[in-house]
1. Which of the residues that make up the range 1-33 are of a type outside the set (A, V, I, L, M) and not in a loop (DSSP other than H, G, I, E, B)?
2. Taking the range 61-101 only, how many residues are within 18 Å of the chain's Cα centre (by Cα), open to solvent by 40 Å² or more (accessible area, probe 1.4 Å) and of a type in the set (A, V, I, L, M, F, W, C)?
3. Condition first: among the charged types (D, E, K, R), out of contact with any helix residue (DSSP H, G or I) (no Cβ under 7 Å at 6 or more places or on another chain) and either in a helix (DSSP H, G or I) or surrounded by fewer than 18 Cβ atoms within 10 Å (Cβ to Cβ) (or both). Now tell me which residues in the range 34-56 satisfy that.
4. Just to be sure I understand, how many residues within the range 14-31 are among the polar types (S, T, N, Q) and under 10 Å from the mean Cα position of the chain (by Cα)?
Amino acid sequence: LGYPLVGQNGTVRDQVLLDLPKDAAVLFVSGTRDKMCPREQLEKVRERMVAPSRGYEVEAGDHGLNLTKTRQKQVSQAAADRAVVEQIKSFLSTQCGVGSL
């Protein structure tokens, strides 16, 4: 959740992701306003990863997945958080054989 792909000094922290083995499935959950994990950069890293990965974006979410006040007029923070939990449950169910959570 909210992986800091880009450090404060602009360094891209991709090597740890590229080093993950093919049996280490990864779920990336990030906000569309996340400056520490820009979607375009994350997608480029995901394409190079050996480990399988899946992404989920929280519309108008920041690095902490917090919604803007404007977005909260359409969707509550609690609803956005529940959607994240559902994505995590689905990921665990399909990737880890956890079954119904």
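1. Hits for the range 1-33 are Gln15, Phe28, Ser30, Gly31.
2. 5
3. Listed by number, the residues that qualify are Lys35, Arg39, Glu40, Glu43, Lys44, Arg46, Glu47.
4. 1
For (1) of a type in the set (S, T, N, Q); (2) closer than 20 Å to Leu5 by Cα, each residue gets a yes or a no:
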| residue | (1), (2) |
| --- | --- |
| Pro52 | no, yes |
| Glu57 | no, yes |
| Arg71 | no, no |
| Gln74 | yes, no |
| Gln77 | yes, no |
| Glu86 | no, no |
| Lys89 | no, no |
| Gln95 | yes, no |
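The values are calculated or read from the model by the stated rules, or taken from the named source; none is laboratory data. Only a predicted model underlies this, so the values are computations on that prediction, with no experimental measurement involved. Reconstructed Cβ throughout: ideal geometry from the backbone, glycine too, with neighbour counts over all protein chains shown. Heads up: the accessible areas ignore ligands, DNA and RNA and are worked out on the full protein's heavy atoms, side chains in. Shrake-Rupley method; radii C 1.70, N 1.55, O 1.52, S 1.80 Å.
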